[in-house]
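Contents: one structure, followed by commentary.
The values are calculated or read from the model by the stated rules, or taken from the named source; none is laboratory data. All values derive from a computational prediction rather than experimental measurement. Neighbour counts run over all protein chains shown; Cβ positions are idealised from the backbone, glycine included. When the accessible area is computed, the model is the full protein with side chains, heavy atoms only, and any ligands, DNA or RNA have been set aside. Shrake-Rupley method; radii C 1.70, N 1.55, O 1.52, S 1.80 Å.
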Amino acid sequence: MSFRFVDLPAAHDDLRADVLAGLAAQPKSIPPKYFYDEAGCRLFEAICAQPEYALCRTERALMEAHLAEIAAAIGAVDCIIEPGAGDCVKVRALLDAVHPSQLVVLDIAGEPLAAAAGALALEYSGVAVSALGMDFIRSLEDATPYLMGGRRLVYYPGSSIGNFTPAEAAALLARFRKLAGEAGQLLIGFDLKKDPVELHRAYNDAAGVTAAFNLNLLARLNRELEADFDLGQFRHYAFYNPVAGRIEMHLISLTGQTVRVAGQRVHFALGESVHTENSWKFRGDEFSAIAVSAGWQPVQTWERGGFAVQLYG
Ligand code: AVI
């Protein structure tokens with residue numbers, strides 16, 4: 001077996017600076033990448049199991065149903081790169097079907113990534129597995145020295161691309177293009193536009209798991225930035241904005257209050273929002289236009305139950 005874990009400290013995120021900048025801005029915001037501490041990752045897994053949130057289940061079913069066809073369309077690949085790989089579960093199907101000689105997984109949460117990728121390396125002894133602890137949004141290019149030559153496939157499932165603005169998404173896809181190289185490919189999954197009531201329910205599950213996920217962001221700041229947020233004084237508020245084509249998630253201050261964050265005092269007016277996430281929903285053609293603007297050529301699309309997977313070369 002071949003496995004290495006490299007923590008790239010220079011490529012780490014900066015929670016303190018990003019949060020203080022976001023809370024000083026008008027309107028206030030916090031980057032959604034900070035949802036995913038250990039508790040946030042567990043809560044996201046729980047979201048995926050909620051009956052109202054079909055995204056993860058639908059993508060899994062789509063991949064299972066079309067795996068042979070997807071693998072045939074991809075053809076021979078030497079290296080699969082998965083940014084934001086997390087628990088490394090999704091890439092397993094591709095490893096089984098495509099048989100690359102190298103897998104490079106990147107994630108902001110280095111330790112859980114190392115554990116998951118190490119276990120994967122034990123099972124897939126013919127695959128050289130590299131796990132890079134890094135904030136790929138900041139410095140994707142730092143992964144380049146860890147890639148072997150040959151044909152590369154960037155795998156970006158889970159509709160994570162929907163958490164970027166269309167301009168940011170295009171910029172990220174252009175960076176994927178550079179990383180993959182001229183002969184490289186991109187296999188990407190995203191959530192499709194659908195009945196807004198269905199979308200609204202998916203981000204307002206009856207068990208309150210999405211609310212807990214959103215509020216965990218403040219709990220994280222309490223834990224890691226010596227903040228003193230009273231979670232009872234903020235309300236999870238998520239809705240579908242049909243003009244922008246996105247779900248917006250906010251934390252709304254239920255009162256006028258001043259909170260200490262990393263040694264600074266931050267004031268929240270009654271009703272003021274901290275915008276914590278956007279989740280864009282696309283039509284297939286809308287998404288293709290973004291990918292084409294980033295230098296990718298469409299190869300094939302698979303759709304099922306309101307979710308799409310597209311292959312680009
Ligand atoms: C990770 N990402 C695609 C999820 C989404 O649907 O935008 C994150 C999420 N936020 C609330 N529920 C799930």
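For this structure, a couple of remarks:
- Alpha carbon centroid spacing (whole Å) that separates the stretch 205-284 from the stretch 149-181: 27 Å
- Placing pseudo-labels 7 Å out from each Cα toward the beta carbon at residue 24 and residue 224 gives an inter-label distance of 2.0 nm.
- List 267, 275, 200, 99, ordered by accessible area with a 1.4 Å probe, largest first: 99, 267, 200, 275
- Whether the stretch 156-235 is rounded, prolate or oblate, judged on the alpha carbon gyration tensor where a/c under 1.5 counts as rounded: oblate
- When cysteine pairs in the chain are screened for C-beta atoms closer than 4.7 angstrom, the residues that find no partner are 41, 79, 88.
- Taking every protein chain into account, the 1.4 Å probe leaves residue 282 with about 10 Å² of accessible area, to the nearest ten.
- Tensor-based shape of the stretch 68-203 (alpha-carbon gyration tensor, a/c under 1.5 rounded, otherwise prolate or oblate): rounded
- The listed residues 124, 34, once ranked by accessible area (1.4 Å probe) with the largest placed first, stand as 124, 34.
- Between residue 14 and residue 285, the modelled labels are 4.3 nm apart [label points 7 Å from Cα along Cα→Cβ].
- Taking every C-alpha pair closer than 8 Å and separated by at least 6 residues, the mean separation divided by the residue count of the chain gives a relative contact order of 22 percent.
- Between residue 69 and residue 92, the modelled label-to-label distance comes to 2.4 nm, taking each label 7 Å out from Cα in the direction of the beta carbon.
- Residue among 67, 200, 148 farthest towards the positive dipole end of the chain, charges placed on Cβ: 200
- Here residue 281 is the anchor, and the aspartates and glutamates within straight C-alpha reach of less than 19 Å, apart from those fewer than 8 places off in the same chain, are 52, 59, 168, 191, 195, 198, 205, 248, 303.
- Accessible area per residue, Å², the chain with all protein chains present, probe 1.4 Å: 42 Å²
- Helix axis angle, 209-224 relative to the chain longest principal axis, alpha carbon, degrees: 80 degrees
- Between helix 15-24 and the chain: long-axis angle, C-alpha atoms, 0 to 90°, nearest 10: 50 degrees
- Cα-based shape type of the stretch 175-283, given that a ≥ b ≥ c are square roots of the gyration tensor eigenvalues and the cut on a/c is 1.5: oblate
- Among the protein heavy atoms of the chain, carbon and sulfur supply 55% of the accessible surface, probe 1.4 Å, non-protein parts ignored.
- For residue 255, solvent-accessible area (1.4 Å; no DNA, RNA or ligand), Å²: 50 Å²
- Computed [θ] at 222 nm, deg cm²/dmol, the chain (DSSP H ≥ 4; -39,500 (n - 2.57); rounded to nearest 500): -11500 deg cm²/dmol
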